[in-house]
1. Find the accessible area per residue for segment 80-169; the probe is 1.4 Å, ligands and nucleic acids are left out, and the unit is Å².
2. Return the carbon/sulfur percentage of the accessible area of segment 1-147, one whole number, probe 1.4 Å, all protein chains in place.
3. Just one of [x] 36; [y] 24; [z] 30 is percent of Cα pairs over 32 Å apart calculated from these coordinates, so which is it?
4. Distance from the Cα centre of segment 159-231 to that of segment 83-146, in angstrom?
5. Provide the packing ranking of 16-26, 118-128, 70-80, i.e. peptides ordered by the mean count of other C-beta atoms within 10 Å per residue, highest first.
6. At a 10 angstrom cut-off on C-beta neighbours, averaged per residue, how do the peptides 136-142, 106-112, 278-284, 184-190 rank from highest to lowest?
7. For the chain, list the cysteines whose Cβ sits under 4.7 Å from no other cysteine Cβ?
8. With unit charges on the beta carbon (Lys/Arg positive, Asp/Glu negative), name the residue among C66, A109, T255 whose Cα is farthest towards the positive pole of the charge dipole of the chain.
Amino acid sequence: MATFNLTLSGTSTFILLGIPGLEADHIWISIPFFIFYIISLLGNVTVLFVVGKEQTLHKPMYLLLCMLALTDIGMSTSVMPKALCIFWFNLKRITVRGCLTQMFFLHAASVMHSAVLVTMAFDRYVAICNPLRYANIVTNTQIAKLGLVGLIRAVLFILPLALLLSRLPFCANHIISHTYCEHIAVANISCGDIAVNRMYGLIIGFVVIGLDLTLIALSYCLIIRAVLRISSKKAHQKALNTCTAHICVMLMSYTPSLFSILTHRFGQGIAPQVHIILANLYFVIPPHAQPYHLWS
């Protein structure tokens, strides 16, 4: 990322407005965001600490929980500290390199998060549909390999976004109407042609969400079919409870993400304040709630 060069366009900094039109209420708006952020950090750090310390928890399912916790921390920490600085101290300036770095990490963490959810669906599929071979199929090594594949996929998908942005000219307008450097929000203030940026961002969004959701849906269809064949009422209820918790996590993760992607490109009728608030909630609500849903 050292090769990024936006200074040729005449700017070395951008200005993040926060939530336009609600500047007077930034302090009040920051309170729930700060609370959710702290709770999400405490919850996810606790998961990492407990699993790391307790040897009996060094199993694939808990390794997946740790991976999910890391992506949750990465997503929320990429956005919230800067957003809170805007809300509390009116520190709206961000360097071009800082903007690109934030954009890369928040989007890469989101793509990695999706990959972990797919892996969790696969884990549950094997555990319920093929329990006798679970220990042989799903091992810590296999989970680590799948995690590495997810990380590589995230980098390969998101790095071109930063590269595409680095080639855009930025003229008089350096103001980003957002609390963080979202890809299309930055591209929209360019005075150049952003058709490629829009197309690539849309493709990545639908490939990641569409492909991952398809794999998750397929896994849970097979899981539900297997659960309905279980004769033991107790085992039947336990499997359903596990699936319900996971499905809640999926809905919390993908619904706001898909909404954000669509409204950035097609939601001209939606008030920008609504979009920005919901976009920020995406980075704190799922990380805040997921440890408690899955741990239970």
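The values are calculated or read from the model by the stated rules, or taken from the named source; none is laboratory data. Keep in mind that what you see is a predicted model, and the values were worked out from it rather than measured. Please note: Cβ atoms are built from the backbone with ideal geometry, for glycine as well, and neighbour counts cover all protein chains shown. Please note that ligands, DNA and RNA were not included when accessible areas were found on the heavy atoms of the full protein model with its side chains. Shrake-Rupley method; radii C 1.70, N 1.55, O 1.52, S 1.80 Å.
1. In whole numbers, segment 80-169 has 47 Å² accessible per residue.
2. 68
3. For percent of Cα pairs over 32 Å apart, the calculated option is [z].
4. Between the Cα centres of segment 159-231 and segment 83-146 lies a distance of 14 Å.
5. 70-80, 118-128, 16-26
6. Descending packing order for the listed peptides: 106-112, 278-284, 184-190, 136-142.
7. Singleton cysteines: C66, C85, C129, C221, C243, C248.
8. Result: C66, furthest along the dipole toward the positive end.
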